[in-house]
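All remarks here apply to the structure that follows.
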């Protein structure tokens with residue numbers, strides 16, 4: 001059993017909760033949380049948010065969960081990562097993901113083809129640039145510099161605060177998990193259930209072995225919804241809508257990675273029902289169709305003692321950092337949830 005750290009997932013910005021999220025980041029900083037993560041889809045961008053958070057915190061690392069690969073050239077991502085790391089005094093963690101076909105093609109105008117090969121090439125260029133090497137690359141997706149024009153091979157002018165900025169990949173499918181183990185320093189996971197984690201970690205381990213490494217030092221970071229209370233069903237209720245959105249509505253019927261994950265976890269019948277209802281715009285019925293067991297296994301819900309005891313399952317299942325996503329109602333309740341999580345981790349004896 002390994003030790004656990006806590007992070008805080010700030011989610012998407014711009015939904016009228018900007019000041020609330022800053023308060024959460026500052027409280028997590030005060031409590032000794034290791035990291036604060038910001039997301040982007042087709043609203044707020046993560047880089048601007050992280051710059052704002054970094055300027056108003058002191059110790060906590062800031063991380064992108066995730067920068068979308070189709071949204072930026074690899075060189076632009078390297079520039080942003082180096083800048084954020086410099087401005088924050090070496091507190092930046094670079095999380096990357098391919099997004100999904102709807103956002104990639106509908107919002108960014110980038111074909112969602114060969115995501116694994118594209119990710120590998122992208123990471124190669126980003127790492128080359130962050131190492132302040134002269135960037136030259138000939139690949140399927142990028143050629144730098146272009147061979148038929150005035151472009152020249154360049155080197156990043158910014159000096160990041162660290163020589164190696166930690167790089168994470170968001171991954172769900174088996175092949176993507178292997179790639180993550182091979183080329184990344186950490187894995188950003190979603191709907192992580194300790195009971196079903198062995199197969200996922202086996203794929204990550206296979207990728208690590210390809211790179212001549214093991215899981216030592218590799219950061220496994222699931223985003224885990226947290227609601228503290230005595231009534232388990234009441235705690236699960238807000239998470240039904242979150243789960244239904246992802247399992248039922250995040251993507252098309254044939255390309256929904258979260259739905260496919262639920263199927264691999266053994267919830268094939270429920271996943272199909274949730275998707276059918278959600279795509280038919282019966283959102284409440286879709287939420288009601290999410291099995292309680294699925295929510296319970298992928299979240300931390302219930303009284304603090306139950307959550308404390310559940311932490312050992314995450315540690316046993318290879319998790320190194322739990323990224324807390326508080327779904328409590330008010331800001332005060334969400335701040336209280338962060339405090340409680342820090343307390344129960346200390347009580348569990350699993351903290352670093």
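Spin-label model, residue 241/residue 12: points 7 Å from Cα along the beta carbon direction are separated by 1.3 nm.
For the pair residue 211 and residue 195, label points projected 7 Å from Cα toward Cβ lie 3.1 nm apart. Mind checking the angle between helix 115-130 and the chain's longest principal axis? C-alpha axes, 0 to 90 degrees, to the nearest 10. Its long axis makes an angle of about 60 degrees. In percent, rounded to a whole number, the relative contact order of the chain is 19, using alpha-carbon pairs under 8 Å and six or more apart. Among 320-328, 68-76, sorting by the average number of other beta carbon atoms lying within 10 angstrom of each residue, highest first, gives 320-328, 68-76.
A Förster radius of 22 Å combined with the Cβ-Cβ distance from residue 131 to residue 58 puts the calculated FRET efficiency at roughly 0.20.
Could you work out the helix-only [θ] at 222 nm for the chain, with each DSSP H run of four or more residues adding -39,500 (n - 2.57) and the total divided by the number of residues, to the nearest 500 deg cm²/dmol?
Values: 14 runs with 162 residues, N = 352.
After summing the helix terms and dividing by residue count, I get -14000 deg cm²/dmol.
Label zone of residue 111 (point 7 Å out along Cα→Cβ, amide N under 17 Å): in segment 39-81 this covers 70-71. Extending 7 Å from Cα along the Cβ direction at residue 281 and again at residue 332 yields two label points whose distance is 3.9 nm. Rounded to 0.05, the FRET efficiency of the residue 154 and residue 87 pair, given R0 = 22 Å and the Cβ-Cβ distance, is 0.50. The distance from the alpha carbon centre of segment 320-336 to that of segment 172-205 is 24 Å, rounded to a whole number. Here segment 231-301 was treated as a single set of alpha-carbon atoms; its pair distances binned every 5 Å from 0 give 3, 20, 33, 25, 14, 4, 1, 0 percent.
Coordinate-derived values only; no laboratory data. These numbers come from a predicted model, not from an experiment. Please note: Cβ atoms are built from the backbone with ideal geometry, for glycine as well, and neighbour counts cover all protein chains shown.
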